[in-house]
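So the structure is just underneath, and the comments pick up after that.
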Amino acid sequence: MRNDKHTQPRLTLCRGDILAAALIFLAAVALLVYFGTGARGNAATVQVWQDGTLQGEYPLAVDREFVVAGRYHNTVQIQNGRVCILDADCPGQDCVKSGWHKDTGRSIVCLPNRLELRLVGGAAEPEIDGVTG
Amino acid sequence: MKRLFPLFLALVLLCGCTAPPAKTEEAASRRYEATFLTLFDTVTTIVGYAETEADFSATAQALHDELLEYHQLYDIYNEYEGMNNLKTVNDHAGQAPVPVDRKIIDLLLFSKELYARTGGKVNIAMGSVLSLWHDARELGIEFPDQAALPDRDALEQAAAHTGIDSIQIDEENGTVFFTDPEVRLDVGAIAKGYAVQQVCGSAPAGLLISVGGNVCATGPKPESGQPWVVGIQSPAAPEEYLHTIYVENFSVVTSGDYQRYFTVDGVAYHHIIDPDTLYPADYWRSVTILCPDSGLADALSTALFTLPRQEGQALLDAFGAQAMWVQPDGSILYSPGFREYIRT
């Protein structure tokens, strides 16, 4: 540390102060963008996989309804950025019971119809990596 | 120097919060995910990082193939050509010893040990009882208007043939024999977790493997070193999480009354049968177990589901595991160490 004999208070802003303030402001903005936006985990697209092959891809931004046929039939609904299986003729109805989903990395599955709706895109890292339950 | 300090501090702060996303974007490895609907009658998901999709697919396929072998060996409903599996054992071990793969011997030994250590709450010799429930459930799901409970007398007769000691394992000759010809194996409470553990044990580091909610991490995410985040599904609302937890190198397994069930006269009957009552256990809506061994986690989730809290906690203490119990009213109880893993 330097010995400064002139101890008068310095109130003027120097270039470093402004730079520091600017950097702190930028840091705050970056933090807000990184942690503050609720949209981070939302998927952009739903992929329709059946028997291990990709059958189609649909943006969640466009509302639509369609039927995936196979051994059974699943009616898929996309609405307000979310997707669900509205109706199905499979036994068990696990796919219908699993409800609405919008998070990247999540899936809705109908085992009897070998169908997986996979939510992708929107974030490099989804918020949730796996699900137990 | 003094003047530069805030500048330096600001730079550190700025780097600190922008670095993680930048790192994942610039990293050579990308995140990939593979799903299989062919194993253990459930959904298998493998998440990992690799430089190319082909690299990841090769890893995922190798794990699938290993799991498929366990799936076929431990299947009690279907036979496969050129293989003695648990269906072969169930069909023939009452007459004569059946030669089996070492993977079956090891599973049966592990299951017998857990029978002893859980006071009989995990009993693979309960197949005769469980098949009555299984048939009633399948019928009730397929034809809801014909749904009916299994006959009580039939359940009690079946329960007379659930002795674990009647399963005779000859390690030297690699055979299984039933001293009670009426006993049947059902490994549903343990086999999936055991298989996941065997496969995860030799899997590459940095993967998250989930077989029907039986989740096993083989170390943290490779690029960032961050733990994986696993959501614990709400029994009341499948699209919601009760908690998200950090998982790095252990397993998470949940048993719940909402996973497999059928409805008779408006009442839901789920698949976790208490060996002492022969009916679905009603202490909890779900029990989630955290512990290093996936097979143990699987067995403990079933055992704790059929036990009141204190007895469950005693088991957790004996095995060094943690649990979260969801009560019928939706409120949640935790073992003392569980909270350390909670993220949200």
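Quick note: the coordinates plus some simple rules give every number you see, no bench work behind them. Predicted model only: the values in this text are computed from it and were never measured. Cβ placement follows ideal geometry from the backbone for every residue including glycine, while neighbour counts extend to all protein chains displayed.
Key figures
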{"item": "Cα gyration tensor shape for segment B:86-178, rounded if a/c is under 1.5, else prolate or oblate", "result": "prolate"}
{"item": "Phi-based couplings in Hz for segment B:311-324 (Karplus 6.51, -1.76, 1.60; Gly and Pro marked x)", "result": "5, x, 4, 4, 5, 4, 4, 5, 9, x, 10, 10, 8, 10"}
{"item": "Vicinal HN-Hα couplings computed from phi for segment B:240-249 (Karplus, 6.51 cos²θ - 1.76 cosθ + 1.60; Hz; Gly/Pro x)", "result": "10, 10, 6, 8, 10, 10, 8, 10, 10, 8"}
{"item": "Listed residue (B:Pro99, B:Val252, B:Val264) projecting farthest to the positive dipole end of chain B, Cβ model", "result": "B:Val252"}
{"item": "The protein assembly as shown: Rg to Rh, with Rh as the Kirkwood radius over Cα pairs", "result": "1.07"}
{"item": "Rounded to whole Hz, the Karplus (6.51, -1.76, 1.60) HN-Hα couplings of segment B:58-73, x for glycine and proline", "result": "5, 4, 5, 5, 4, 5, 4, 5, 5, 5, 4, 5, 4, 4, 6, 5"}
{"item": "Label point at B:Phe143 placed 7 Å out along Cα→Cβ; residues across segment B:62-82 whose backbone nitrogen lies under 16 Å", "result": "none"}
{"item": "Most positive-pole-ward Cα, B:Gln310, B:Ile332, B:Ile169, against dipole of chain B from beta carbon charges", "result": "B:Ile332"}
{"item": "Peptide A:14-27 - average C-beta neighbours from other chains (10 Å radius)", "result": "5"}
{"item": "Sparse-neighbour loop sites [chymotrypsin sites (Phe, Trp or Tyr not before Pro); segment B:79-157; at most 16 other C-beta within 10 Å; DSSP]", "result": "B:Tyr80"}
{"item": "Too-long pairs where the Cα-Cα distance tops 24 Å, listed order kept, from B:Lys103/B:Lys192; B:Lys121/B:Lys221; B:Lys87/B:Lys112", "result": "B:Lys121/B:Lys221"}
{"item": "Where GluC sites (Glu not before Pro) fall in DSSP loop in segment B:107-196, at most 16 other Cβ within 10 Å", "result": "B:Glu171, B:Glu172, B:Glu182"}
{"item": "Estimated inter-spin distance, B:Gln226 and B:Ala205, nm [label 7 Å along Cα→Cβ]", "result": "1.9"}
{"item": "In nm, spacing of pseudo-spin labels at A:Thr12 and B:Ile342 (7 Å Cα→C-beta vector)", "result": "5.6"}
{"item": "Calculated [θ] (222 nm, deg cm²/dmol) that DSSP helices of n ≥ 4 give over chain B, each run adding -39,500 (n - 2.57)", "result": "-11500 deg cm²/dmol"}
